[in-house]
Number of protein chains: 2
Amino acid sequence: MGKLSFLTNPTSVAVVGASAQDGKVGNTVMVNIRASGYKGQVYPINPKATEILGYKAYKSILEVPGEIDVVVVVIPAKAVLAAAKECVEKHAKALICIAAGFKEIGGDGVKLEADLIEICKKGNVRLVGPNCLGLVTPTLNCTFASSQPSKGSIAFLSQSGAMLTSILDWAHTNGIGFSNFISLGNKADVDEVDLVLEVAEDPNTSVILLYLESVVDGKKFLEQIPASVTKKPIIILKSGTSAAGAAAASSHTGALAGNDIAFDLAFEKAGVVRAKTMSDLFDLGRLFTSQRMINGRDFVIITNAGGPGIVTTDAFETYGVGLAKLSDKTKDALRKVLPEEASAKNPVDIVGDAPPKRYADAFDICFTEDDKTVAGAVVLVTPQGQTQPNEVAKLCVEMGKKYPSKFIVSAFMGGETMIEPCKILRDAQMPVFAFPEPAIYATSALIRYSEVRARPSLASKSIPHFKVDDERIKKIFADARADGRTVLLSHETSEIFTIYGVNAPRTKLATSPDEAAKFAEELKYPVVMKIVSPQIIHKSDCGGVKLNIKSKDEAHKAFTEIMENAKKNGPKGAVLKGVEVQQMVDFSVYSKTVEMIVGVSRDPTWGAMIMVGQGGIYANYVKDVAFELSYKYDKADALAQLKRTKVSEILEGVRGQPRSDIEGLIDVMVRLSQFVNEYPEVVELDMNPLLVFEEQKDGKRPGVAAVDVKITLSGEH
Amino acid sequence: MGKLSFLTNPTSVAVVGASAQDGKVGNTVMVNIRASGYKGQVYPINPKATEILGYKAYKSILEVPGEIDVVVVVIPAKAVLAAAKECVEKHAKALICIAAGFKEIGGDGVKLEADLIEICKKGNVRLVGPNCLGLVTPTLNCTFASSQPSKGSIAFLSQSGAMLTSILDWAHTNGIGFSNFISLGNKADVDEVDLVLEVAEDPNTSVILLYLESVVDGKKFLEQIPASVTKKPIIILKSGTSAAGAAAASSHTGALAGNDIAFDLAFEKAGVVRAKTMSDLFDLGRLFTSQRMINGRDFVIITNAGGPGIVTTDAFETYGVGLAKLSDKTKDALRKVLPEEASAKNPVDIVGDAPPKRYADAFDICFTEDDKTVAGAVVLVTPQGQTQPNEVAKLCVEMGKKYPSKFIVSAFMGGETMIEPCKILRDAQMPVFAFPEPAIYATSALIRYSEVRARPSLASKSIPHFKVDDERIKKIFADARADGRTVLLSHETSEIFTIYGVNAPRTKLATSPDEAAKFAEELKYPVVMKIVSPQIIHKSDCGGVKLNIKSKDEAHKAFTEIMENAKKNGPKGAVLKGVEVQQMVDFSVYSKTVEMIVGVSRDPTWGAMIMVGQGGIYANYVKDVAFELSYKYDKADALAQLKRTKVSEILEGVRGQPRSDIEGLIDVMVRLSQFVNEYPEVVELDMNPLLVFEEQKDGKRPGVAAVDVKITLSGEH
């Protein structure tokens, strides 16, 4: 039992607004409670009634003699606060607020919801909703839905009430049953994570489906959901993909992040399966109820027709399921039992006149001879002369028992004649579809989930911590802010990266010719000198850059010239901070240079995201980038992320070129993730280009150089 | 009526192998003919019967008194040739060969099919099949399917017989009817194009669906199908995407072409809609039977629930349907009739308690006030308190009549309660779905089809022809072949492009240091020198390239060095033909250079494809390329193709750079398409890089230069 068992399995329920009058919401809730066979105490609350549906009624919550776990509130919004206060006084544990008219209507509703939250929080009462349909658990139905969901092993949680009523109706017709059926409403207190954790503990549930429009707290989700994923598969349809992240973003990284990447990354990280459409959600749900894992990626197709076999092979490629390569031994064994016109290769085409026995032979041979390579079978059945679909269905059930480590999914392609075989399979918890493509789509998702289950848990993952001089960094930020800037200057970013152990050309800000000469001497020649002014963006256009400075005298002179040029050619009123003196990167010692971009943007739900990809002036057009959340981000994550870009192949070394310093690059990425995790005030960061040279086997020279970095701090101090 | 009306609407049918015995294929065919209410003459052919199912039987085709249009052959394969000969003798017009055991089983079957084709061709008998199920047309069912398809307006043609039987069964259960139901079998003579042309003329048919594993003749398809597309929408599920084009390809272009691009391009060019899955095929078919076109791209969503509205908005973005921007006038009018908590923006959320009247108001306001911008409405209905789904369905039908130029598609989301409203809509030929996503997917396809219908026909498109010296080109090919080469050398490609009006640096092949020096002098300095060897692909990798040669002496020396480097570093046994001396492109006169790749590969079905994209040594890794068929390829095609690449933005000019010579680039592309269309022996061609400079407004200098071209001829002479 989870922490909210008082909510999902309460010992007593009160219904504020309970009614004996047919058609009233307060009546429907009572009818549902009774119809669900709820075993606990039921207290209808109604000032005008003495008894409702056979339950003794009370005038107020406070009059109820015993303790109350859950109070369901079905009165109008304006009366809810008073009821909530009584819940607090009565020490009720949870309040399910069915009433609408809160945050979702805006205006006064927002204030009303805030007040409700405050009362409940202070009074230690957990709040579900408001603006929800109620919930159905294995022990209780306290919704106002007009029909009861059939019993099944799917837990469905929805942020939209209308989605729940539609699905309830649709599920009845499609023979889908539920263990839990929960309306999240406005998620003012109890949110999707709380309830997922709860139903993950429910022995009646084999798979958890969610329809979400938002995630309340990304960090909580990432911290807590992975543990539930190891117990039950979680499948989420997240809508609002076209609206999210539409806020204007000024940086490369922000512009490249797109709308919905962060949710994809977060779900992947947490091990959650993401459904793309409503029918996908239930196709996946049905397959996942089998509660079997898949050991491997390669499947054999057993079909009684060629065409569907080809369609299925295409779907394998589309969804990344492997076509098992059958051994010669298997193929020989198949040839012995199959007719001549059959195909003993995968797809195994046992041809149109195949009786059930031929399916059985194909199963036995493939699963026995190629036990190590074949993770399972996709069985295709078309209605032809001798097909006997019912018998084939029974055979699949039998084979499922005979080979418990193999996964069997089937497409019984047809209508009338396939109803009975589908029922046989579903009754045995075996997945069956009308067409091959959704079967393969769902199988591929289960393969990925099986891999998630096999990987080490995110919770136990530890991330190495680099020691850095935090005081110095705070000082740099404070100085910039004192100066009225949110964009750091080059010598500031250079110092930050040096502190974080990232190679960036050392840079110093000189405010006089003498200082410039001194710094040039310190940094070693040649150096570059550039005007420093928040108002001057294109420095070289106004004569504000001097390259290849090789002596004290040159540095001295360059300072004066740059300042004069900037004064003369720069924008009017530009504040000249001085001239930065920077080490020049000596390219001549390297044989290969790849321009990369590494950056950071922040998602409102999921926090900082690291970006890596092909850099240079065309980075925004080439769009060869990959993202990853900075949450628990290590070198393996960085490498996997890098491999999602095309430029990674170039880094690996193509056309006879040496391998680039990939380790150096991913080291920068993980150091950067620590930086942005520890300093949330860094809202955007771009390194473009981050130069990546060939691997430095002797370690004498750096393999990467962050030659141009832009760091933007948040506006708030 | 089409050319094959004697096949689809015959005046007489003979059945060779007709049988009175229940369970025999020859009996099922006879039963189906009779059950289909066929009005013409029926001649059962059976040496042992005098009468079958009430029809007078004949011992052989030759004994039949009248003329025969169609002979259906249901006897075993080995007896088919004799029957075919009798068909010829009797001057029958068509033979439908249901028997299997031909090409599809390999071995002897291949020969048998070739013999059958020859007999029919010589005897002027059109052949359907072999290895097919037969066909159902509005006048006749001569299949051996175990049930009759329901009447409807979908024509379904399938290359897989099992797919037909599955779909037939499935369609019964799902209330889908057919006008034509045709099994293509082995397509030995009558192919998919012949039959599509035929059913496109059928007034009973509103949409044509095909399941194909191959297209017999790509050119015929492209020439003839577009005319049918202007009569009826054609939707194809083409399988075998993972197998096609898997043949090893040596060039950049070949490697980048991938598996299945050519089919996508050909279907797009012909105006055919491509379905990706079996359920997509029928989702599209159902929507397209409405026989309405869509005028525009922007839709309004009218929904009684927020969640499904968001899901639908996401689907709009996924499938490229526009969310209509409602005018202020519309929004004001909506606000007047809608309750306060409703949303007057698109999606128009008329909230959960919406009665049918509220839907009606939303329709009227949006379609009247925003008549110009709103192409139609997506109606979402979830089962809530006052919903009355039946009434809303009737309203949709009424609105469809009231606004004939608007397209209305709906998702009635539910099960039991939505069966009757769905029936109401389907009976009125209005598309309805259970979930929003397939509704939007299908709508987007109809939008594209409506655009196809509005565009000029492919048949009427004329392509300009450049005059070239064909004799000289043939001579270059012949010389290369005489030399035992299929890969042309640089001086040969340079000449070909000069003939075709494409700017390529002049190149000469030197075979001695002295000759190199002489050519260098002729071509004017500076020159580039490169090793010429059919075995050396990446010339610079082995030290086989010297740039910027400025004198006779340097050229002399470079020849020797290049030959030595190639000998030392090149592949063992490489044949060194000499060193090419090439004009060096003077980059200094240009301010912008973009390296592009332009190439050609050949698809076995669809012929030459032009490729364009980002060039350079990393082209194969960057994979920023787009393809187009060279069939009827003009500058507009080339420009549209170019715009599908990311690099096209860079050509347009970003970051203050000038626009590149895009016209010069597309000119090269269309000239190239003429070249490869006229010389089918050119199997592969790569220009990488094709340098594209900034627009040359004065026209004095070329804006493009094909500095490295590889042309491969076919092995056959």
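The values are calculated or read from the model by the stated rules, or taken from the named source; none is laboratory data. Given the structure is predicted, the values throughout are model-derived calculations rather than measurements. Quick reminder, even Gly has a Cβ in these numbers, built from the backbone with ideal geometry, and neighbours come from all protein chains shown. For accessibility, only protein heavy atoms count, side chains too; no ligands or nucleic acids. Shrake-Rupley method; radii C 1.70, N 1.55, O 1.52, S 1.80 Å.
The angle between the Cα long axis of helix B:356-369 and the longest principal axis of the Cα atoms of chain B comes to about 40 degrees, rounded to the nearest 10. Provide, for q = 0.14 Å⁻¹, the log10 of I(q)/I(0) from a solvent-free Debye sum over equal Cα point scatterers in the stretch B:336-382. After summing over all Cα pairs, the log10 values are -0.31.
Taking all protein chains together and rolling a 1.4 Å probe, A:His91 ends up with roughly 140 Å² accessible. Stretching the chain fully between B:Lys151 and B:Lys467 yields a gain of 108.2 nm (0.36 nm per residue, less the alpha carbon separation). Under the simplified labelling scheme, the B:Thr560-A:Asp514 pair shows an inter-label distance of 6.2 nm, with each label point 7 Å from Cα along Cα→Cβ. As an exercise, use a Förster radius of 35 Å and the Cβ-Cβ distance of A:Thr173 and A:Asp217 to find the FRET efficiency, rounded to the nearest 0.05. E(calc), rounded to 0.05, equals 0.45.
Return the value, in Å² to the nearest 100, of accessible area buried between chains B and A (probe 1.4 Å, both sides summed). Could the numbers behind the result be given before it?
Numbers: alone 31180 and 31290 Å², together 57550 Å².
In total, this chain pair buries about 4900 Å².
A dipole drawn for chain B from +1 and -1 charges on Cβ atoms has a positive end, and of B:Ile235, B:Pro76, B:Ala305 the residue lying farthest that way is B:Pro76. Select from the stretch B:605-643 all residues whose loss of accessible area on going from the chain by itself to the full protein assembly reaches 10 Å² or more (probe 1.4 Å). In the stretch B:605-643, residues shielded by partner chains: B:Gln614, B:Ile617, B:Tyr618, B:Tyr621, B:Val622, B:Lys623.
If contacts are Cα pairs under 8 angstrom and at least 6 residues apart, what is the relative contact order of the stretch B:32-101 in percent? Could the numbers behind the result be given before it?
Values: 85 pairs, mean separation 18.3, N = 70.
Across the stretch B:32-101, relative contact order equals 26 percent.
How crowded by other chains is B:334-343, given as the mean number of beta carbons from other chains within 10 Å of each beta carbon? If you can, show how the numbers build up before the last one.
Working: counts 0, 0, 0, 0, 0, 0, 3, 6, 0, 0.
The per-residue average across the peptide is 1.
A loss of 30 Å² or more of accessible area (1.4 Å probe, protein heavy atoms, ligands and nucleic acids excluded) relative to the isolated chain is seen in these residues of the stretch B:289-329: B:Gly307, B:Ile310, B:Val311, B:Asp314, B:Glu317.
Using per-residue counts of other Cβ atoms within 10 Å, averaged over each peptide, order A:701-707, B:12-18, A:137-143 from highest down. Can you show the working numbers first?
Working: A:701-707: 20.7, B:12-18: 25.7, A:137-143: 23.0.
Highest mean packing first, the order is B:12-18, A:137-143, A:701-707.
A simple charge model with +1 on the Cβ of Lys and Arg, -1 on the Cβ of Asp and Glu and nothing else charged puts the dipole of chain A at about 660 debye relative to its Cα centre.
Measuring from a point 7 Å past the Cα of B:Asn390 along Cα-to-C-beta, which residues in the stretch B:403-423 have an amide N at less than 15 Å? It comes to B:416-423, nothing else.
Accessible area per residue for the stretch B:293-458 in Å², computed with a 1.4 Å probe and the full protein assembly in place, what is it? Each step should come with its number before you reach the end.
Numbers: 6550 Å² over 166 residues.
Accessible area per residue, the stretch B:293-458: 39 Å².
With unit charges on the beta carbon (Lys/Arg positive, Asp/Glu negative), name the residue among B:Phe221, B:Met611, B:Ala49 whose Cα is farthest towards the positive pole of the charge dipole of the protein assembly as shown. Sorting the options by dipole projection puts first B:Ala49. Which log10 I(q)/I(0) values does the protein assembly as shown give at q = 0.06, 0.07 Å⁻¹ under the Debye formula, counting every alpha carbon as one identical point scatterer? Result of the Debye calculation: -0.72, -0.97. Between the amide H of A:Ala188 and those of A:Gly129, distances stay under 5 Å, these residues lying 5 or more places away or on another chain, with hydrogens modeled in the peptide plane.
Please work out how much length the chain gains when fully extended from A:Glu522 to A:Thr139, using 0.36 nm per residue of separation minus the C-alpha to C-alpha distance, in nm with one decimal. If you can, show how the numbers build up before the last one.
Details: separation 383, 0.36 × 383 = 137.88 nm, distance 7.60 nm.
In short, 130.3 nm is gained.
Remark: the stretch A:677-687, residue by residue, has Karplus-estimated 3J(HN,Hα) of 6, 7, 10, x, 6, 7, 8, 9, 8, 10, 10 Hz, where x stands for each Gly or Pro and the curve is 6.51 cos²θ - 1.76 cosθ + 1.60 at θ = phi - 60°.
Shape of chain B from its Cα gyration tensor (a ≥ b ≥ c, root eigenvalues): rounded if a/c is under 1.5, otherwise prolate when a/b > b/c, or oblate?
On the way: a/c = 3.09, a/b = 1.35, b/c = 2.28.
In terms of gyration-tensor shape, oblate.
So in the protein assembly as shown, what percent of DSSP beta bridges are antiparallel if you round to the nearest 5? Intermediate results must be reported in sequence, preceding the final value.
Details: 99 of 205 bridges.
Taking every DSSP beta bridge within the protein assembly as shown, about 50 percent pair in antiparallel fashion.
Considering only the other residues whose Cβ falls under 14 Å of the Cβ of B:Arg358, what net charge follows from Lys and Arg at +1 and Asp and Glu at -1?
Numbers: positive: B:Arg335, B:Lys336, B:Lys357; negative: B:Glu340, B:Glu341, B:Asp349, B:Asp353, B:Asp361, B:Asp364, B:Glu391.
Neighbourhood net charge equals -4.
Accessible surface computed residue by residue for the stretch B:506-583, with neighbouring protein chains in place and a 1.4 Å probe, gives 52 Å² per residue.
Computed over protein heavy atoms with a 1.4 Å probe, the carbon and sulfur contribution to the accessible area of the stretch A:4-288 reaches 53%.
Candidate cross-link partners of A:Lys85 among the lysines, defined by an alpha-carbon separation under 20 Å and a same-chain spacing of 8 or more, comprise A:Lys59, A:Lys93, A:Lys103, A:Lys111, A:Lys121, A:Lys122, A:Lys187.
Is the stretch B:559-678 rounded, prolate or oblate when judged by the Cα gyration tensor, a ≥ b ≥ c being the square roots of its eigenvalues, rounded requiring a/c under 1.5 and prolate requiring a/b larger than b/c? Oblate, since a/c reaches 1.5 and b/c is not below a/b. Residues whose amide H falls under 5 Å from that of A:Val487, counting only those 5 or more places apart or on a different chain, are A:Leu713, with hydrogens built in the peptide plane. Rounded to the nearest 10 degrees, the angle from helix A:80-90 to the longest Cα principal axis of chain A is 80 degrees. Taking the Cα centre of the stretch A:506-583 as the origin and placing charges on Cβ (Lys, Arg +1; Asp, Glu -1), which of A:Ile536, A:Ala566, A:Ala517 is farthest toward the positive end of the dipole? Towards the positive end, the residue furthest out is A:Ile536. The mean sequence distance of close C-alpha pairs (under 8 Å, at least 6 residues apart), as a share of the length of chain A, puts its relative contact order at 8 percent. Only the Cβ atoms of Lys and Arg (+1) and of Asp and Glu (-1) were treated as charged; on that basis the dipole of the stretch A:506-583 about its Cα centre amounts to roughly 180 debye. Using the Karplus relation 6.51 cos²θ - 1.76 cosθ + 1.60 with θ = phi - 60°, the per-residue 3J(HN,Hα) values for the stretch A:343-349 come to 10, 8, 8, 7, x, 7, 9 Hz, with x marking Gly and Pro. P(r) of the stretch A:489-530 in 10 Å steps, Cα pairs, percent per bin? That works out to 29, 54, 17, in percent per bin. Taking the protein heavy atoms of the stretch B:437-492 in the context of the full set of protein chains, the accessible area attributed to carbon and sulfur is 55 percent at 1.4 Å. Interface burial in the stretch B:147-173 reaches 50 Å² or more for B:Ala162, B:Ser166, B:Asp169, B:Trp170, B:Thr173, comparing the full protein assembly with the chain by itself; accessible area from heavy atoms with a 1.4 Å probe.
Across identical copies of the chain, A:Lys557 has label-point separations of 3.5 nm, listed in ascending order, with the point defined 7 angstrom from Cα along Cα→Cβ. What the phi angles of the stretch A:218-226 give under the Karplus curve with 6.51, -1.76 and 1.60, with θ = phi - 60°, is a coupling list of x, 5, 4, 4, 5, 7, 9, 5, x Hz, glycine and proline written as x.
Under the criterion of Cα pairs below 8 Å and six or more residues apart, the relative contact order for the stretch B:593-713 equals 29 percent. Residue and whole-Å distance for the chain B Cβ lying nearest the axis of the B-onto-A rotation are B:Val622, 4.
Remark: mean inter-chain Cβ contacts per residue of B:407-419 equal 4, using a 10 Å Cβ-Cβ cutoff to other protein chain atoms. Axis of helix A:416-427 versus longest Cα principal axis of chain A: the two differ by about 80°, to the nearest ten degrees.
What is the projected area of the convex hull of the Cα atoms of the stretch B:524-618, averaged over all directions, in nm²? Over every viewing direction, the Cα hull of the stretch B:524-618 projects on average to 8.5 nm².
Rounded to the nearest 20 Debye, what is the dipole magnitude of the protein assembly as shown about its Cα centre when Lys and Arg each give +1 and Asp and Glu each give -1 at the C-beta? Intermediate results must be reported in sequence, preceding the final value.
Numbers: 166 positive and 174 negative charges, 59 e Å.
With Lys and Arg at +1 and Asp and Glu at -1, about 280 debye.
Cβ-Cβ distance of A:Lys111 and A:Ser5, R₀ of 35 Å, FRET efficiency by 1/(1 + (r/R0)^6): the value works out to about 0.60.
Between A:Thr368 and A:Glu681, the simple label model (points 7 Å from Cα in the Cβ direction) yields a spacing of 7.2 nm. Using a simple spin-label model with pseudo-atoms 7 Å out from Cα toward Cβ, A:Arg426 and A:Asp483 lie 6.9 nm apart.
Could you rank the peptides A:155-165, B:581-591, A:357-367 by their average count of other C-beta atoms within 10 Å per residue, with the highest value first? Spell out each step's value before the answer.
On the way: A:155-165: 26.6, B:581-591: 16.0, A:357-367: 21.5.
Output ranking for A:155-165, B:581-591, A:357-367: A:155-165, A:357-367, B:581-591.
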